[in-house]
1. Which residue out of THR193, THR204, THR218 is β-branched (Val, Ile, Thr) and more than 14 Å from the chain's Cα centre (by Cα)?
2. Under 7 Å between Cβ atoms, which residue pairs at least 6 apart in sequence (or on different chains) link something in the range 45-68 that is more than 14 Å from CYS244 (Cβ to Cβ) and among the hydroxyl-bearing types (Ser, Thr, Tyr) with a partner that is open to solvent by less than 90 Å² (accessible area, probe 1.4 Å) and in a helix (DSSP H, G or I)?
3. Test of understanding: among GLY232, GLY217, which residue is modelled with pLDDT under 85 and open to solvent by 70 Å² or more (accessible area, probe 1.4 Å)?
4. When you look at ALA14, is it at pLDDT 85 or above and closer than 30 Å to SER201 by Cα, yes or no?
5. I need a count of the residues in the range 116-143 that are of a type in the set (Gly, Ala, Ser), in contact with a Ser or Thr (Cβ under 8 Å, 6 or more places away or on another chain) and in a helix (DSSP H, G or I).
6. Could you list, in sequence order, all residues of the range 106-146 that are closer than 30 Å to GLY217 by Cβ, open to solvent by 40 Å² or more (accessible area, probe 1.4 Å) and under 18 Å from the mean Cα position of the chain (by Cα)?
7. Given the options ILE142, ILE110, ILE121, name the one that is touching a residue at least 60 places away in the same chain (Cβ under 8 Å) and either out of contact with any strand residue (DSSP E or B) (no Cβ under 9 Å at 6 or more places or on another chain) or among the aromatic types (Phe, Trp, Tyr) (or both).
8. Test ILE83 against the criterion of being touching a Ser or Thr at 6+ places or on another chain (Cβ under 9 Å) and either open to solvent by 90 Å² or more (accessible area, probe 1.4 Å) or touching a residue at least 24 places away in the same chain (Cβ under 8 Å) (or both), and give yes or no.
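The values are calculated or read from the model by the stated rules, or taken from the named source; none is laboratory data. If you're wondering where the values come from, they're calculated on a predicted model, not measured in any experiment. FYI the Cβ positions are ideal-geometry reconstructions off the backbone, even for glycines, and counts take in every protein chain you see. Please note that ligands, DNA and RNA were not included when accessible areas were found on the heavy atoms of the full protein model with its side chains. Shrake-Rupley method; radii C 1.70, N 1.55, O 1.52, S 1.80 Å.
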Amino acid sequence: MNRYTWKTGVREGAMILLAACTLFPIYILVNIAIRPVTDISSPLIPTTTPTLDNFVAAWNGSGLGDALINSFLITAVTVLLLILLSSLAAYGIVRMTEGWSNVAFYFFMIGLFLPVQLGMIPLYRFFAANELLGSIFPIILIYLGLRMPFTVFLYVQFMRQIPKEYEESASMDGATPLQAFFRVVFPLSSAVTGTAVILNSLFTWNDFMLPLLYLGGTTNRTVPVAIYSFVGDAFTNWPVLFACLLIGMLPVLIVFLIVQKSLIRGFASGIKG
């Protein structure tokens, strides 16, 4: 029996069109990044003389190596602390039955609605007064405050679906509440942990405004700030700039490919919940 109908063909055509629209900017990005600087033909036309010189110029011309290390340190420390602190906070909120647990949950949720722009100038003055500008410490602290409400929300929604009997069995075997969390609840939360890792990594890695404000003019530049250094008032070297963008995207793409299964499971569990 042939189940391929005209409706299936329309859906496939729509999906191909959507995929083409999604891939078109990536094609332009790659096509310009690998063409010689002297090539001024239309970006729609595939280059006939591909070169990697733009990647070499991007790496040598902007201190991109140091920027990658700074972005990696900021992102790794921020995400690790977010996962640890948010999962522990969510565990207490979900398992404690006292009235304060609901108050604590809504206290975290208030943070979702506070615009970060309100605190940028006061925090800048505070860190400047304490001679912390130019250090990665303040920016990690700000990212923790910004992303913890959202991460706690994800963990709370997921942990509410985990039966309490798992922890009761661990408790009968002599485990303390903290041991039950790290040995039972946290491993069962791997799906939402993967989701939290990729979403927070993307936010922290790609953020431009906060590193520009708190790290601008120092040697602790992040990748977005290093890429911005290629943008000039009168002239911008677009092939080198696009090569720099591709290099900056690579670490996040690798992380996404590693945790993509956990990300999909996390979204699926959220939809079911």
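1. THR218
2. Qualifying pairs under 7 Å: THR47/ASN31.
3. Numbers: GLY232 fails: open to solvent by 70 Å² or more (accessible area, probe 1.4 Å).
Testing whether each residue is modelled with pLDDT under 85 and open to solvent by 70 Å² or more (accessible area, probe 1.4 Å) leaves just GLY217.
4. On the way: at pLDDT 85 or above: yes; closer than 30 Å to SER201 by Cα: no.
No, not satisfied.
5. Pass one, the range 116-143, residues of a type in the set (Gly, Ala, Ser): 119, 128-129, 134-135.
Filter once more, so that each one left must be in contact with a Ser or Thr (Cβ under 8 Å, 6 or more places away or on another chain): 134.
Within this subset, residues satisfying the condition of being in a helix (DSSP H, G or I) are none.
The qualifying residues number 0.
6. VAL116, ILE136, LEU141, GLY145, LEU146 - these are the residues of the range 106-146 that are closer than 30 Å to GLY217 by Cβ, open to solvent by 40 Å² or more (accessible area, probe 1.4 Å) and under 18 Å from the mean Cα position of the chain (by Cα).
7. Selected residue: ILE142, the only one of ILE142, ILE110, ILE121 that is touching a residue at least 60 places away in the same chain (Cβ under 8 Å) and either out of contact with any strand residue (DSSP E or B) (no Cβ under 9 Å at 6 or more places or on another chain) or among the aromatic types (Phe, Trp, Tyr) (or both).
8. On the way: touching a Ser or Thr at 6+ places or on another chain (Cβ under 9 Å): yes; either open to solvent by 90 Å² or more (accessible area, probe 1.4 Å) or touching a residue at least 24 places away in the same chain (Cβ under 8 Å) (or both): yes.
Answer is yes for this residue.
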